[in-house]
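First the structure, in the form of structure tokens, and then the observations on it.
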Amino acid sequence: MVNDSNQSTAESYFPKISIVIVTYNAGKTLQQCLDSIFEQEYANIEIVIVDGNSTDNTIEIIKRNNNKIAFWMSEADAGVYDAMNKALKHITGDWVYFLGADDELLPDFTKFATCLADKTAVYYANVFAEGAKRLGELSRYQFAKFGPYHQAMIFPKSVFEKYTYNTKYKISADFALTLTLCGDAGYHFIYKDFVIAKFNHTGLSGVTIDTPFQQDKAGLILKNFGLVTCVRYILHRYKNRHNPRA
């Protein structure tokens, strides 16, 4: 990470990336997550943390790393996406990346970051999850069906000047935004074959069903992908009707 004396030089070569971390009682994993950011060779990263009034040692860890954190706050929130929306009000980067407090960046993140050039593109790569590299380059239908991991994507800041996360969805608002961006003619997706983060699949998103999102998903696909893709998805869901995540 860049220090203050080299800030202006770094900005000339490396666009600033705002890494957003949302925390709640993340004391067991937060320091390891932060260390994985500090170890990156990319020269212009800022860290923004929004904590939901943790009652463990999370705040102590944040304060211990305060000199390497651009902004942090701790207050009650209405869920992870409410906290993300709060964080977006405090970012100053050209690009935005979301990292779970129980996830870790890998060295490929730096390589991936140096590819950022097209500010109308959402760049996506791979994560290491459940013992394997996931998910590779996706077809348009795969974007509609399941999309990239949130930790695999870096967004131009203009996305969040136009959109926020829909807090109606408790664990799938990131996927809902991906679907919306697929229907926005102002943006496109670019894949780069790097493995940029270790994703912990045991968190809330791994064990909970987002019922409101599942109810709205077909409509979001129809709106952003059109009738043919929507019908294909509905047939898929019917064939897998006993799987609530289909």
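The values are calculated or read from the model by the stated rules, or taken from the named source; none is laboratory data. Note that the coordinates shown come from a computational prediction; the quantities given were computed from them, not determined experimentally. Cβ coordinates were reconstructed from backbone atoms using ideal geometry, including for glycine residues, and neighbour counts include every protein chain displayed. Note: accessible area is taken over every heavy atom of the protein model, side chains too, but ligands, DNA and RNA are not part of it. Shrake-Rupley method; radii C 1.70, N 1.55, O 1.52, S 1.80 Å.
The figures follow:
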read-out	value
Any hit, segment 131-145, residues being touching a strand residue (DSSP E or B) at 6+ places or on another chain (Cβ under 7 Å) and in a strand (DSSP E or B)	yes
Residues of segment 227-240 classified as surrounded by 13 or more Cβ atoms within 10 Å (Cβ to Cβ) and not in a helix (DSSP H, G or I), total	0
Check on residue 104, open to solvent by 10 Å² or more (accessible area, probe 1.4 Å), touching a helix residue (DSSP H, G or I) at 6+ places or on another chain (Cβ under 6 Å) and more than 30 Å from residue 227 (Cα to Cα)	yes
Failed item in (1) closer than 28 Å to residue 27 by Cβ; (2) under 14 Å from the mean Cα position of the chain (by Cα); (3) open to solvent by less than 40 Å² (accessible area, probe 1.4 Å), with residue 80 passing the rest	(3)
Residue, nearest to residue 159 (Cα to Cα), within segment 69-90, restricted to residues that are among the hydrophobic types (A, V, I, L, M, F, W, C) and not in a loop (DSSP other than H, G, I, E, B)	88
Checking residue 218 against (1) among the small types (Gly, Ala, Ser); (2) under 29 Å from residue 102 (Cβ atoms); (3) at pLDDT 95 or above; (4) in a helix (DSSP H, G or I), the condition it does not meet	(2)
Residue count, segment 23-58 (criterion: open to solvent by 10 Å² or more (accessible area, probe 1.4 Å), in contact with a Gly (Cβ under 9 Å, 6 or more places away or on another chain) and more than 21 Å from residue 198 (Cβ to Cβ))	5
Yes/no for residue 97 being part of a strand (DSSP E or B), within 24 Å of residue 184 (Cβ to Cβ) and either at pLDDT 95 or above or open to solvent by 60 Å² or more (accessible area, probe 1.4 Å) (or both)	yes
Members of segment 59-77 found to be of a type in the set (A, V, I, L, M) and surrounded by 19 or more Cβ atoms within 10 Å (Cβ to Cβ), listed by number	61, 62
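Yes/no per residue for (1) under 25 Å from residue 167 (Cβ atoms); (2) at pLDDT below 95:
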site: 65; (1), (2): no, no
site: 89; (1), (2): yes, no
site: 92; (1), (2): yes, no
site: 104; (1), (2): no, no
site: 113; (1), (2): no, no
site: 134; (1), (2): no, yes
site: 151; (1), (2): yes, no
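The rows are residues; the columns are (1) surrounded by fewer than 20 Cβ atoms within 10 Å (Cβ to Cβ); (2) in contact (Cβ under 8 Å) with a residue 60 or more places away in the chain.
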| residue | (1), (2) |
| --- | --- |
| 144 | no, yes |
| 148 | no, no |
| 158 | yes, no |
| 170 | yes, yes |
